[in-house]
Amino acid sequence: MPEQSYIRVAAPRQRIFFISIGVAFLFLFLLSRLWYLQVIQSEKLKTMSENNRLRFVPVASSRGVLLDRNGKVLVDNSPSFSLALIPQDVRDKDALLEKLATILGLDRRELQEKWEKGKGRAKYFPIIVAAGLSRDQLEFFEENSLWLPGIDIEMKPIRQYPHGTLAAHLFGYLGEITEGELGRTEFAEYNPGDYVGKSGVERSWESYLHGDDGGRQIEVDARGRFLRTISETAPTVGHSIMLTIDEGLQKTTEKALGDKAAAAVVMDVNNGEILAFASNPTFDPALFTGRMPVDTWKGYLEDKRHPLENKALKGQYPPGSTFKIVTALDGLEEGLIDEHTSVNCSGEYTLGKNTFRCWEKKGHGKVDLKRALKESCDVYFYQLGERLGVDKIAAYARQFGLGETLGVGLENEKSGLIPTAAWKEKRFGKKWYRGETLPVSIGQGYVLTTPIQLASMMATVANEGTVYRPHLVKKVVDRDGRTIKEFAPEVLRRTRFSAEQFRLVKEGLLAVVNEPRGTGAGARLYEVKVAGKTGTSQVVKMRDGKGDIPYQYRDHALFVAFAPYDKPEVAVAVVIEHGEHGGGAAAPVAGSILRHYFESKGGIKKPVRGAGIEVDDADGGQPAEKSQGE
Amino acid sequence: MIDRRLVTNFDWKLLIMILLIAAVGVMNIYSASASYKVVGTPYAVKQIYWVAAGMILAVLSCSIDYHLLEDLAYWLYGGVLVLLVLVLAVGRTSMGATRWLNLGLFTLQPSEPMKIVIIVTFARYFARRPYPDGLSLSELAVPLLILGLPALLIMKQPDLGTAIIVLLVAGTIMLAVGVRWSTFAYLLLATVPVGYLGWQFYLREYQKNRILNFLNPERDPLRSGYHLIQSKIAVGSGGLAGKGFLHGTQSQLRFLPEQHTDFAFSVFSEEWGFIGCLLLLVLYFLLILWGLAIADRCNDRFGSLLAVGVTAMLCWHIVINIGMVIGLFPVVGVPLPFFSYGGTSMVTSMIGIGILLSIRTRRFMF
């Protein structure tokens, strides 16, 4: 082909037009793709870009501590290390879980379950799969984190109990938040894996104790390296709760109860503050935050003495003869008796076809109010009760707050039971028989009270008529020591009894502890005048208490007291399940509690050597009393 | 010496268009490199130098009569081809590729001038040969040889991006010349075995990965597929209006690779959104149409084909770069003309513009 300069043949004119069209299509192609990404997919990609650069690092808060009334630490926190997985960094989930299960010696399914539970949230949010790592495990994970992509060690403060099982029922225990709880509005801010109070103060005061987890939102670059903190919410440490209880007194109280199934409450009679609150046997609250050994758990459940039950608050016992205080005041108020009114006790009292026996089979002979209280004569109160009628007894009992919850501030407080004719009608559809009133007048029959109610009742007797709300929390303090909330004594009601009526009854109660033939000599302190009342309440009706009665059928032993007699400060209620005799089993316990109280106040000198309760020689040998219905 | 007609007929509009794009580019480089710790002159400032140097080069190339190129075409072709061979023999290797020749005073990347030289050579070759019925297969033999030698040498470096550009630009010139439908069919048939052989024996592992990752970016989200995903996230998260200047999180936090060079458009679209992208694309489209109009108005076949070639070179850079950034094409290292940071690309593109200006300015001369 001959070369030809500047040919005009087939100039690319038409083709240039087509090329322009082609270019237009290419640009439209680019634009439509841009539209797809920047408009249609925009939201999704925006989220991805956010996730790209933002990481959330949770910072665990610590729970508020529990203090005793003097500011001594009762429950605090110590660091615990947990193994967490960060979903977005986990490459091969199954292989990782398998490996971790082997390393931790746990069931793979357990880890899987935790993973599934936590997976719903953001991919960068750590899921805790194992808590409470040992030092060895911690070291292992720190050294090998490179080979286990996606793992992370989280430090979390957990509850520590420097006093072991002390006041376990009062403090309560913590547990991992359940799915049901997570659904409730009060737990809206909580995350799976968080610990919440499951019982006691931990539960009732959860909203104060719980600190808010903080977190840092950090920006990272393409390699996940920290660049800067975008926003930071510092964890807020939970508020501390200063309880009304006294650490030393609490310890003494628990020690005095020994290994018996029992409860004791000590209360300040002038403001309702609970100074000691014990329920025996107890449990170890620390086990609930870690891994509870199966045997221990089974042991708790199978123990007939019910270690997990808060007996001081939820144990409902017939008050037995301690209820005679109420009956006596009722009689005085109604004008049915005065201090000289006397009754002849032959050892039994007959009403219609039924015979009601006094615990003293020989009979007390001629008894007036003081002696009836001191020696706990049943016949005196049978007669009085019969004249009062059940509804009057109930009305007066309610003035003490018996038969109703006092609003102590713990969950599931029990109300006890003060029967009335209407109650029976409603409950059983049967009318009330006069004969049923007689056991009620000595605190048997249908009557049920809780130890805390008994302590409150005794406090009211001591302060002559004011029913304070028993309470456990003195104040709520924030981490800087500022008081958030303080609890002033709250008067629930005032009884209608006069000072004179109280004086008469209190004289009887003083005699119970301090005079010959008094049933409560076991609580006697020589330096301080103690007034009290014993009670022995039937668990089952027994024809005769001879021979060995199986433990679970033995009578409960009760003792209520206050001291000092002249200027009352403190009231005590002690219930010993199946302790048989109020005077023998419960009174000495109350005695040692009161001894500690006054010793620590400097009111009495400490005994030289183990001189605990050597005072009851005069009456110690004698079985205290035992009331028998029908 | 300078013809007065050069001044009166000078195509100021084209120059202004280029300056506008370059200005946006500089601004974008400023943002893209804002997170860098640079010792010495910042990238944006250096880019301004490059734009200025490019402008001078463009005006200089404009002042030269492009017909000189027609006479020198084969000499230029031969010279750059020798340089390409030399690159493979004694070139400087960096990051697994041997692309640079150390010429003492500066390093040269011969594949860049080859982009222009192949255009000149093709224009020269086709200018004197009319194909009234379009190119037949046998008539393609010589042009394919002319194209194949440099293309294979460039791919050997390896520089897939430049090789593809060279192939596409040459192909576009051939389209402008005219190609028979039967030739298309044969070529299409040939792609299957050539593609297979190329995949098996020619492409490097990383190039294969790029292609595979393009087809399935989730294949390796942390390594080679990473750039693609991050770039898509950047573009998409810009949304309609963008995150604002200096506020693109993807770029400011350096999730984007090569964000001031090849992925500069990604930074731009994150910060300026679809609206910004649309405006930029319109600018580019006008530039391309302008180039094609110059080809259209040119009265000689060499000039016309030269203009088509230069315009095609710019156009394919734009389409491939943007297409790669938004996930339409595999990641091949192709810069966005006048926009990406870098002197090499700027020089090549500006020389191209100089040639266009030269053709435009002299349109009435012949």
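The values are calculated or read from the model by the stated rules, or taken from the named source; none is laboratory data. For clarity, every value in this text was computed on a predicted model and none was experimentally measured. Backbone-built Cβ (ideal geometry, glycine too); neighbour counts: all protein chains shown. Ligands, DNA and RNA are stripped out before the accessible areas are found, and what is left, the full protein with its side chains, is counted by its heavy atoms. Shrake-Rupley method; radii C 1.70, N 1.55, O 1.52, S 1.80 Å.
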Seminar exercise, completed: Restricting to lysines and to Cα separations under 23 Å from B:LYS232, and discarding same-chain partners fewer than 8 apart, the set is A:LYS44, A:LYS46, A:LYS123, B:LYS208, B:LYS243
Problem set entry | Cross-link partners of A:LYS485 among aspartates and glutamates (Cα-Cα below 18 Å; sequence separation of 8 or more within a chain) | A:ASP68, A:GLU202, A:GLU206, A:GLU273
For this session: Calculate for the protein assembly as shown the 222 nm mean residue ellipticity that helices alone would give, adding -39,500 (n - 2.57) per DSSP H run of length 4 or more and normalising by residue count, nearest 500 deg cm²/dmol.
Result: -14500 deg cm²/dmol
Seminar exercise, completed: Computed over chain A: longest principal axis from alpha-carbon atoms vs helix A:451-462 long axis, angle to nearest 10 degrees, is 50 degrees
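Under a 1.4 Å probe, what is the accessible area of the protein assembly as shown per residue, stated in Å²? Don't skip to the answer; put the middle values down first.
Values: 43550 Å² over 996 residues.
Here the residues of the protein assembly as shown average 44 Å² of exposed surface.
So if R0 is 41 Å, what FRET efficiency would A:LYS414 and A:GLU527 give, r being the distance between their Cβ atoms, rounded to the nearest 0.05?
Numbers: r = 36 Å, r/R0 = 0.88.
So the FRET efficiency works out to roughly 0.70.
Taking all protein chains together and a probe of 1.4 Å, list A:LEU100, B:LEU86 from the most accessible to the least accessible.
On the way: A:LEU100 0, B:LEU86 75 Å².
Output order, biggest surface exposure first: B:LEU86, A:LEU100.
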Problem set entry | Dipole moment magnitude, nearest 20 debye, chain B about Cα centre, only Lys, Arg, Asp, Glu C-beta charged | 160 debye
Exercise. So which of A:LYS260/A:LYS362; A:LYS353/A:LYS392; A:LYS362/A:LYS533; A:LYS72/A:LYS529 end up more than 26 Å apart, counting from Cα to Cα?
Worked result: A:LYS260/A:LYS362; A:LYS72/A:LYS529
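Report the accessible surface area buried between chains B and A, summing both sides, using a 1.4 Å probe on protein heavy atoms only, in Å² rounded to the nearest 100.
Working: alone 17370 and 30690 Å², together 43550 Å².
Buried surface at the B/A interface: approximately 4500 Å².
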Exercise. Could you give the distance between the Cα centres of region A:386-416 and region A:291-322, to the whole Å?
Worked result: 24 Å
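Could you work out Rg/(2.2 N^0.38 Å) for region A:56-243, with Rg from alpha carbons only? Before the final figure, lay out the partial values.
Numbers: Rg = 17.7 Å, N = 188, 2.2 N^0.38 = 16.1 Å.
Compactness ratio reported: 1.10.
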Exercise. To the nearest 10 Å², what's A:GLU142's accessible area with a 1.4 Å probe?
Worked result: 110 Å²
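Rounded to the nearest 0.05, what FRET efficiency do B:ASN9 and A:LEU28 give with R0 = 30 Å and r taken as the Cβ-Cβ distance? Could you check? Walk me through the numbers on the way to the answer.
Details: r = 33 Å, r/R0 = 1.10.
Between B:ASN9 and A:LEU28 the formula returns 0.35.
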Seminar exercise, completed: So, relative contact order of region A:56-243 in percent, Cα under 8 Å, 6 or more apart, is 34 percent
Problem set entry | chain A: angle of helix A:247-257 to the longest principal axis, Cα-based, in degrees nearest 10 | 60 degrees
For this session: Calculate the spin-label point distance for A:ASP303 paired with A:ASN354, positioning each point 7 Å from the Cα along the beta-carbon direction, and give it in nanometres.
Result: 3.8 nm
Exercise. How big is the charge dipole of the protein assembly as shown about its Cα centre, in debye rounded to the nearest 20, if each Lys and Arg gets +1 on its Cβ and each Asp and Glu gets -1 on its Cβ?
Worked result: 2420 debye
Exercise. On alpha-carbon atoms, Rg over Rh for the protein assembly as shown using Kirkwood Rh?
Worked result: 1.33
Seminar exercise, completed: From highest to lowest solvent-accessible area (probe 1.4 Å; ligands, DNA and RNA excluded), B:VAL310, A:VAL491 read A:VAL491, B:VAL310
Exercise. Got a sec? Charge dipole of chain A, +1 on Cβ for Lys and Arg, -1 for Asp and Glu; which of A:GLY435, A:ALA188, A:LEU243 is way out at the positive end?
Worked result: A:ALA188
Problem set entry | Ellipsoid equivalent to chain B - semi-axes via the Cα gyration tensor, in Å | 32, 27, 20
Problem set entry | Pairs beyond 21 Å (Cα-Cα), from A:LYS314/A:LYS374; A:LYS117/A:LYS156; A:LYS324/A:LYS506 | A:LYS314/A:LYS374
Problem set entry | In region A:418-451, the trypsin sites (Lys or Arg not before Pro) that fall in loop regions by DSSP, at most 12 other Cβ within 10 Å | A:LYS430, A:LYS431
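Under 8 Å for C-alpha pairs, at least 6 residues apart: give me the relative contact order for region A:378-450, rounded to a whole percent.
Details: 88 pairs, mean separation 29.0, N = 73.
Over region A:378-450, the number comes to 40 percent.
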Exercise. So, with a 1.4 angstrom probe, what is the percent of accessible area on region A:392-457 that is carbon and sulfur?
Worked result: 53 percent
Problem set entry | Options B:LEU144, B:TRP75, B:TYR43, ranked by Cα towards positive dipole end of region B:30-177, top entry (Cβ charges) | B:TYR43
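For chain B, what relative contact order do you get, as a whole percent, if you take Cα pairs closer than 8 Å and at least 6 residues apart?
Details: 535 pairs, mean separation 101.2, N = 366.
Relative contact order here is 28 percent.
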Exercise. Could you name the aspartates and glutamates in cross-link range of A:LYS255, using Cα to Cα under 13 Å and dropping any fewer than eight places away on the same chain?
Worked result: A:GLU247
Seminar exercise, completed: Under the rule rounded for a/c under 1.5, else prolate if a/b exceeds b/c, else oblate, using alpha carbon gyration tensor axes a ≥ b ≥ c, region B:86-131 is classed as prolate
